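Structure first, then comments.
The values are calculated or read from the model by the stated rules, or taken from the named source; none is laboratory data. What you see is a predicted model; the values in this text were computed from it and never measured. Here the Cβ is made from the backbone with ideal geometry for all residues, glycine too, and neighbour counts use every protein chain on show. Note: areas computed on protein heavy atoms with side chains; ligands, DNA, RNA excluded. Shrake-Rupley method; radii C 1.70, N 1.55, O 1.52, S 1.80 Å.
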Amino acid sequence: MPTLSGLLAALEQGIVQREEMPSAHSRVLQTLAAEDLLATLDPHPRTADAFLATLFAICDYWVEGIFRSPFWDAFHRGQASRTQVMQFLAQLYHRTVGADHHNLIAAERCGDPEVRDLLERHYREEFGHAAILLKGFAKCGLARDGAVVHGPLRSTRRLIDYMVDISSDTMAYLGCYGIFHAPSTVRGEEQLVHQFERFAALYPFATPAFDAVCQHARLDCKLGHAEIALERLVRSRGCPDAEGVRSALRGARGAAAAFRAIFDDLSAIAEE
């Protein structure tokens, strides 16, 4: 990064390593951090709690970016079109089917016995959950209108492909779940029920589908999936090394970008 413009371009890609840059550039980073324009994570964290707190804060911030997609404003105001709502639900189904695929591949590729046990447990606990969704979705005509039958949006397929590709780096794969189960998105069972009841009230034609999504979310809650495998690993083994820290961040950043693309695609549907 010989120039300041090179530094800024690298920041737009999500992650830079401070130790690899001139001191003048490091001062630029300090200024940006002071203005809350970037987040920093120590590549050599001292404690598990410190590492996890900072990582999850960064993931929460990236998740905020996902929910800034124009889709969510229309959706929460009850102004999403019927096609948008049906496609939104269909993508939930396709992501759940895709999770069975990438969860298995991640477990098979993992060479660390302790981590592999965590991944295999997650795979077993999540396997087949798409069937829960499909029962409710069928009552809304999601299969009849082709939203499920015709397959995922390209952005949804890219997210699944991303998860498969990144599973060759186990720490990066684990980092992705910092986005999927970011602390800011975690809800208790009562909150989950209230949330999906509200969605059903906004879009009554999809009530059985939202009931099914709620049932799936409540099951995840009972299984304790708010505590992701990365958190369990760090609490049992201690903080990852510098490369592990970077991998976890890299995985989370890519997952956030891929996830955001899905909702941007859903937003564009209403404009067709």
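Just so you know, in the stretch 107-128 the residues that are under 20 Å from Arg95 (Cβ atoms) and assigned to a loop (DSSP other than H, G, I, E, B) include one that is most open to solvent (accessible area, probe 1.4 Å), and it is Phe127.
Being within 21 Å of Ser81 (Cβ to Cβ) and open to solvent by less than 60 Å² (accessible area, probe 1.4 Å) narrows it down to one residue among Phe205, Phe137, Phe180; which is it? Step by step, each of Phe205, Phe137, Phe180 is checked, and only Phe137 is within 21 Å of Ser81 (Cβ to Cβ) and open to solvent by less than 60 Å² (accessible area, probe 1.4 Å). For Thr31, the conditions (1) touching a helix residue (DSSP H, G or I) at 6+ places or on another chain (Cβ under 9 Å); (2) β-branched (Val, Ile, Thr); (3) part of a helix (DSSP H, G or I) all hold with the exception of (1). Here Asp112 passes the criteria (1) over 26 Å from Thr185 (Cβ atoms); (2) in contact with a His (Cβ under 9 Å, 6 or more places away or on another chain); (3) in the same structural domain as Ala252 (by the TED database) except the one numbered (2).
Of the residues making up the stretch 183-202, those that are open to solvent by 30 Å² or more (accessible area, probe 1.4 Å) and under 24 Å from Ser81 (Cβ atoms) are Gln195, Glu197, Arg198, Ala201, Leu202. Search the stretch 69-95 for residues being of a type in the set (S, T, N, Q) and open to solvent by less than 20 Å² (accessible area, probe 1.4 Å), and hand back the single one that is farthest from Ile262 (Cα to Cα). Filtering the stretch 69-95 for residues that are of a type in the set (S, T, N, Q) and open to solvent by less than 20 Å² (accessible area, probe 1.4 Å), the one farthest from Ile262 (Cα to Cα) comes out as Gln84. Residues being surrounded by 12 or more Cβ atoms within 10 Å (Cβ to Cβ) and among the charged types (D, E, K, R): count how many of those fall in the stretch 32-47. Number of matching residues: 1. The residues listed here are Phe51, Phe56, Phe88; of these, the one that is outside any loop (DSSP other than H, G, I, E, B), within 30 Å of Ala143 (Cβ to Cβ) and modelled with pLDDT of 85 or more is Phe88.
The set of residues in the stretch 134-155 being at pLDDT below 90 and among the aliphatic types (A, V, I, L, M) consists of Leu134, Ala138, Leu142, Ala143, Ala147, Val148, Val149. Tallying residues that are among the hydroxyl-bearing types (Ser, Thr, Tyr) and over 11 Å from the mean Cα position of the chain (by Cα) within the stretch 174-192 yields 1.
Only one entry in Ala212, Ala226 is open to solvent by 10 Å² or more (accessible area, probe 1.4 Å) and touching a residue at least 40 places away in the same chain (Cβ under 8 Å), namely Ala226.
Determine, yes or no, whether Ser247 is out of contact with any Asp or Glu (no Cβ under 7 Å at 6 or more places or on another chain) and either under 11 Å from Cys176 (Cα atoms) or polar (S, T, N, Q) (or both). Against the criterion (out of contact with any Asp or Glu (no Cβ under 7 Å at 6 or more places or on another chain) and either under 11 Å from Cys176 (Cα atoms) or polar (S, T, N, Q) (or both)), Ser247 does not qualify.
Would you check if Gly244 is at pLDDT below 95, of a type outside the set (Asp, Glu) and surrounded by fewer than 18 Cβ atoms within 10 Å (Cβ to Cβ)? For Gly244, the condition - at pLDDT below 95, of a type outside the set (Asp, Glu) and surrounded by fewer than 18 Cβ atoms within 10 Å (Cβ to Cβ) - is not met. Quick check on Thr170: is it assigned by the TED database to the domain that holds His94, touching a residue at least 60 places away in the same chain (Cβ under 8 Å) and surrounded by fewer than 16 Cβ atoms within 10 Å (Cβ to Cβ)? So Thr170 fails the test.
Test Val97 against the criterion of being within 25 Å of Thr185 (Cβ to Cβ) and part of a helix (DSSP H, G or I), and give yes or no. Here the answer is yes, as Val97 does meet what is asked.
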